[in-house]
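One structure is given below, encoded as C-alpha cells.
The values are calculated or read from the model by the stated rules, or taken from the named source; none is laboratory data. None of these values were measured; they are calculated from a predicted model. Quick reminder, even Gly has a Cβ in these numbers, built from the backbone with ideal geometry, and neighbours come from all protein chains shown.
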Amino acid sequence: MTSTYTYSYTRTHTHTATHLTDVILGAITDILADLGINMERLHRDWVQNENAIKAWIEEGSLDTVVLECRQPSGAVAPVIEFPVTYTASGVGNAEFTASRARLARFRAKLDRVPAGTTYRLFCTFNGPRTPQPGWSPGQRASTDGLRGITFGTLGSAPHASTGMRYLHN
C-alpha cells in the first residue's frame, strides 16, 4: 500500500508542476506577444526554463516567477509576478484549470511599451532549491513607485496554484 501512495503522490506533484509551468510560461508568452517584445530568446531557452520552473514547483521551492520589462529609457515596467502557493494535503481543487479567457481580457488592459523594450525572467524562492542549468543569481529591479493589480488565480491543481500580479506605472 505504501508504494501505491508514493506513486500517486509523485505522479500528482509531477502533473501539477507540469501544468503550472505550462500556465506560467504560456501567460508570459501571451503577454510578451501582446506587448510586442521580441521573444526569440524565450523560444530559444524554452526547454531550459520549462525544466527549471517545473523542477522547482515539484520540489516546492519556487515562490514567484517574475517577468520584468525593461524599456529603452531604462525604466522597468511593467513587472508581472506569478506567485506559486502550495498546499500540503493535495485536497481542494482537484482539477487542472486555467482561465485563458479571463487572462485574455486582462492582457487587453496592459500598458503599451515602446519599441525596443526587452525582458528578463527571475525566480524567487521560499527556501533551498536545486540549481538548474542556465539559471544563476540575479538582482531584481526595484518596484518602488509601481502600482499593483492582482489577477487572482491563474491556474490551479492538486498541491499548488499560481496567480498573477501586474505592477505598472
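Please state which one of ARG102, ARG107, ARG120, ARG112 is under 16 Å from the mean Cα position of the chain (by Cα), among the charged types (D, E, K, R), more than 17 Å from GLY60 (Cβ to Cβ) and modelled with pLDDT under 95.
Only one candidate passes the filter, namely ARG107.
Going by the conditions given, is MET1 hydrophobic (A, V, I, L, M, F, W, C), surrounded by fewer than 17 Cβ atoms within 10 Å (Cβ to Cβ) and either at pLDDT below 95 or touching a Phe, Trp or Tyr at 6+ places or on another chain (Cβ under 8 Å) (or both)? Against the criterion (hydrophobic (A, V, I, L, M, F, W, C), surrounded by fewer than 17 Cβ atoms within 10 Å (Cβ to Cβ) and either at pLDDT below 95 or touching a Phe, Trp or Tyr at 6+ places or on another chain (Cβ under 8 Å) (or both)), MET1 qualifies. Being under 17 Å from PHE125 (Cβ atoms) and among the hydroxyl-bearing types (Ser, Thr, Tyr) holds for only one residue in THR64, THR29, and it is THR64. Every listed requirement among (1) surrounded by fewer than 17 Cβ atoms within 10 Å (Cβ to Cβ); (2) closer than 13 Å to VAL76 by Cα; (3) in contact with an Asp or Glu (Cβ under 8 Å, 6 or more places away or on another chain) is met by ALA141 save one, (1). Screening ALA160, ALA104, ALA77 for residues that are touching a residue at least 24 places away in the same chain (Cβ under 8 Å) and closer than 21 Å to THR12 by Cβ leaves exactly one candidate, ALA160.
Contact map, region 25-46: residues that are part of a helix (DSSP H, G or I) and exposed (fewer than 13 other Cβ atoms within 10 Å of the Cβ) paired with residues that are modelled with pLDDT of 95 or more and not acidic (Asp, Glu), Cβ distance under 8 Å, separation 6+ or inter-chain. Pairs shown: ALA33/MET39.
None of GLY155, GLY163, GLY127 is within 16 Å of PRO83 (Cα to Cα) and touching a Pro at 6+ places or on another chain (Cβ under 8 Å) except GLY163.
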